[in-house]
Every structure is written in structure tokens, then in C-alpha cells.
Amino acid sequence: MLAEATALLLASLTVVSVTGAPAMSTSIRPPISAVGVSDATATPSTSFPTAHKPRGTALLDRLVGTASPRSTGAPATTLPVSRSTPVDRAAHHDAVRSMLLDPPAPRTVANWWGALEGSEQLRATIAAPELVGNLDGVPYVMRDQANRTVLRETINDLELGLDEGTSRAMQTRDDGQLQMLYSIADALGPAEANPHRQLITLDVEGAGKASIVLGDLMTADYVSYLVPGMFISVGGNMVEWVDTAARIYDEQVSWLALLDDTPTAPAARDGGAEEPTVATVAWIGYQTPHLLNVGSLDLAYEGRDAIASTLLGLDALRGADQPHVSLLAHSYGTTASMLALSETPARVDALAIIGSPGSPAASIDDLKVTGAVFVGEAAWDPISNSAFFGADPGETAFGARVMSVAGSVDLITQKVLAGSTGHNEYFSPGTESMRNLALVGIGQAELVTDGTERDALRTLALARPGA
Amino acid sequence: MTTSTSLRVLATAAVLVSLTGCTLQGPSPVTDTEARDRFLAVIDETQRLVGGAWQVDDDPTPRGCTVPVWVTGERYPALRVSENPRGDGQADRVEEAWNDNGLDVERSLVGDVIEIKAESDAGEVYLFRVSDQAMTLQGESECRPTD
């Protein structure tokens, strides 16, 4: 059974070796094939190449047609499944990583996965959890299961290796990796965490990548992705990033209950009687920059591809039941987000950009955002207004709506909200910035304060049907 | 100065500027469990005071915090929702009860929503909101240093 599933996956991986690994770290990389697949609902920007042949089609043919013994009748043993030696295992590992660097289109993955029988899906998850856990288009419950397996086994292996004793250099490296993985485990919380948390992205190597969702991405009416910027790492900030997602989740649940009958809620639009639900994602799906490489756009392109794949994966899985989707992006993550929304078919319903070092898009007209785009800039934040990577989103000409983060007297609440000062204070609890980010995520653009006298006119009536 | 160097300087400045605003509040002289129980007791008592049917969505997962400076800590959240609001009197009773408990209480109006926010000397935060549609009760316990 395992051999069959491994065969299925390894056969798919051979496509990578045929087509070759993608070029990396170029200053201007082409959009990934994952987002290059034809999308009838998308309007490609002028800079987006449309002639790109999606490799996912070949992958799908290979997986469902040739590779699957179910459809071909070919015995699994005819496929290169051996992982019995260290060399085989290393080759498998390398093939998986190559695949994840340039994955098939999420819709292709979703179709492929949906065509598998339940037992095949389970076997695939067991045979190649690193792959299944990170492929956009695979249902999140399976990704969570696969990633938790990898996390648990990697921690066990590292702890065992440290106990057995290795060189000092190896111990230092392994201990650093172990601390990073412990932080992910901590961020997942206990089994009874409320809301339930799922580990939907996991890269255990290097600085690592991880994404944890609070809530259910398959059913939530509102989905908010928190996109980080420079200095935010899995090892150093995963717990803090999930805490931020949890606080935004709480605020959104509270305000949705108080507002009731929210007109923008997909459930309300569909005439459903159920209470609207939310999901917030603490997303560290790309390598964020540090002081030594923040001047380059290379990592922003990596972020662009990962964000686009993430959004298209959600779109593929939700089908006709699309949620209200927002990106709440910070710092360098705003640049990566705007690259994704201007150079790929990915789209969102709302975008909040705070502390941005600049936009590759000239204005909001170049961004695939169906709703409002907000920009927030804190006092004493030297990154905002720098326009280092293009247009300054805070400029009037860019067209974004101002989101106040100053914490002055809130004319809606008639109280003083805490202000955000400096580049990393936007997500502090109790701040005007946090409240506004939560409101953006539930489609309440009219209630977002901008620090002007117009705030006095904002009331909850604006959020009600017929207002 | 190159553009890359310029951004690095900006980034360094951002780090320095962000290293502000730390609380100087130390932990109260109780055990971690007692601190959490004390917080939840106020939440539970407020819920009973207001009455009605409540959905308890407390997350047992602790959240990170800092106490007092550079010391990593954690605190526990609470989230309760009731769809049976009973009018302005509920907000009055909550405000009075929290004042009697020695909390620092602020009352404000958020559009049609009455919001009562309170903070204890130990740094516990409580938030009660009521609208025509629902009542919500949130908060976070005292920030306690982790082992």
C-alpha cells in the first residue's frame, strides 16, 4: 500500500527532474507556474505572461493517468518507488523540495486530489507528508495531518540526534532547528485550543516556514491572512504571530455578533440563517528579509508566489462557496502582497497595508482587490513614506483609503484608543490599528477610522442592511 | 550611500523606534493558577450578573506578553457571546460591579454599542459590549512570567 502511494507521488516528482528546477534569486523572476494557469475569472495584468505552459497539466496526467495503478492497471512495482537506502531517501527529499519550489497550479492539485480515492489520499499523506502538507489545493485537514506528522517526527529525530551526541557544529545547528520547531508546536497550542488550529504550511529546514489557521478555512465566511514583513521569523515570532491572529479572531467574532445581519457576510448574502464565522491565518509562508538583504526584491518575489498560490488554493477548494478574503500585510509583506495582486491572477476582497516600504503597483487600480484598499502609517515609522520599492501607498495619488493607527481620540467610540508608534507596533493589542485591521477583515470598511472629522459620522447603522 | 544601505539604515531605525512602550508592571503575589482563576472568576461573575444564555469560547491557549521588561510572559484569554441582550441596564450593572471590584473602568459608545472596558492593577483586561443584537464579554488575564 505504501509502495503504491509512494509510486504515485514519486512518479509525479519525476516531472520535476525532466523540466528542471526553477531559476532562483534573480532580480526579476517570472511568475510561478502555480499562478500561471489559465483562470477564466482573472484579468491578467499587462506584465503577466500568458504564454506560460502550466506544468501542472503534465503532472496531473502523470499522476492520474500513468502513475495510478487504479487507472492503468500497471503494478506499482514498475514505478521508481525505492526509498530503502539513504541515497534513495535523499533523492526523494530533493525531488519533493524541487516540486515545492515550483508546484502545480492549486486548481490542478485540487482536481488531482479530488480524483483520488480516500484510501489513496491517506496513503499519499503517509508516503510523502512533506509534499501533501504544503501543496496548495490539498484540503487543509489533510495538510494539517501531514504537517503535524513531519513536525513530530523531525523533533523526535533531532532530539534523538542531540542525545546521541554529534559534533559541536552539528549540535548548534540542530539545536537552532529544534528551537524553531518547538515554537511551532507551542503556537499550535493544546489539542483543545479554541478555535481549532491547523498547521497548513511547514518547512522545517533553514529559517523555516509555517502557517497556522485559527478557525475553519473550508467553511469560514471571512478569511484574513496576516502577511509578515522584515524581522519576522518562524523561530522568533511564530507564537507572537499566532497570538495576533487570535486577537483579531476574537475581535472579529465580537463585532460580527454585535453587528448581526452583516450585509457583506456570505452567509447573509445567501440568505442563510447561521451566524457568520471567521478564520484568521498566521502566515509566514516566505522567507522574510533581515537587515542584510532587505534592500532586494528577491524575497518579495518569493512572497508574491507563495501568497498567490495560497489565495488560489483557497479559491480552488472553496469553489462556489467563496468567503470574503482579506490580506492584512505589514512592512516588506505589503510589497510582496501587492506584487501578488498585480502580477498574478490572485485576488482578494480587501487589503490593508501598514508600514509599507513601497508598492510596485502605481495605484490601487493595478491591484486585484474587489473591495477597499487601506493604508496605515504610524508615527516614527521610518519605513513608511520611504517609497523604496516604488510608489508610496500613503500618497493620495495611489488611491488607498487612510486607516488611522495614530490612537487619537476615536470619534466613533468617544474614547482614546492606543496609538501605534514605530515600525513593529501596528499589531499591539488594544490599538486603533488592531481594531481597524479586524474591521477590514470582516468587510466593515465604513467603520474603519481615518483620523479625520468624518469619523464622527461613522455609526453602526452603516454596517446594517438598508443603511 | 547606496539605496540598499539606505534601507538598512531605515530598518535599523525602525527596530530602535519600536523598542519602546514596555510595561513596568510586575506580577501580583499569587500563583499562576490563582492569577488565571482570579481573572476567570470576574468573567464568570459578570456573565451571571448580566444573565441570559452565553456561549463560552474561551481559548485555553496562553498568549505571549512581556513583564516587566524583556521578560517573556503569558496570559489567558476569554471570549463569551450572548444573543440575548437585555438593554442598557446590563451595561450599568457591569460598570458598577467592576468599579466595586476596584477596576479602572471606562464607558464609551461605539455607534449603537455600549462598551465597558476595565483594567486591574495587575494588568487584567476586561471588555463588555452590548448592542440591540448581542452582548460580548472578552478579556485577558494577568501577564505572568513563563518558566
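Quick note: the coordinates plus some simple rules give every number you see, no bench work behind them. In this text, all values refer to a predicted model and were calculated from it rather than measured experimentally. Cβ coordinates were reconstructed from backbone atoms using ideal geometry, including for glycine residues, and neighbour counts include every protein chain displayed.
Observations on the model:
- Sites A:GLN322 and A:GLU153 - FRET efficiency at Förster radius 56 Å, r taken between beta-carbons, to 0.05: 0.95
- Taking the range A:153-221 and dividing mean pair separation by its residue count, relative contact order in percent (alpha carbons under 8 Å, at least six apart): 24 percent
- Highest-first packing order for the peptide set A:334-343, A:139-148, B:51-60 is A:334-343, A:139-148, B:51-60, based on the mean count of other beta carbon atoms within 10 Å.
- Most positive-pole-ward Cα, B:GLN133, B:THR33, B:TRP70, against dipole of the range B:22-145 from beta carbon charges: B:TRP70
- Given their separation in residues at 0.36 nm each and the Cα-Cα distance between them, A:ASP216 and A:ASP365 gain 50.5 nm when the chain is fully extended.
- Per-residue Cβ neighbour rank within 10 angstrom, fewest leading, A:ARG304, A:ARG318, A:ARG123: A:ARG318, A:ARG123, A:ARG304
- In this structure the amide hydrogen of A:ASN134, modeled in the peptide plane, comes within under 5 Å of no amide hydrogen from residues 5 or more places off or on another chain.
- Local electrostatic count at A:GLN198 - Lys and Arg +1, Asp and Glu -1, tallied over other residues with Cβ under 13 Å: +1
- When the alpha carbon coordinates of the range A:329-375 are projected onto the principal axes, the ranges are 22, 18, 16 Å, largest first.
- Extents of the range B:39-147, taken as max minus min of Cα coordinates on every principal axis and listed largest first, are 44, 25, 25 Å.
- Residues of the range A:199-226 with amide N under 18 Å of a point placed 7 Å along Cα→Cβ from A:ARG168: none
- Subtracting the Cα-Cα distance of A:THR85 and A:LEU100 from their residue separation scaled by 0.36 nm leaves 3.1 nm.
- Sorting the Cα pairs of the range A:88-203 by distance into bins of 5 Å, from 0 upward, gives 2, 11, 17, 20, 19, 15, 9, 5, 2, 0 percent per bin.
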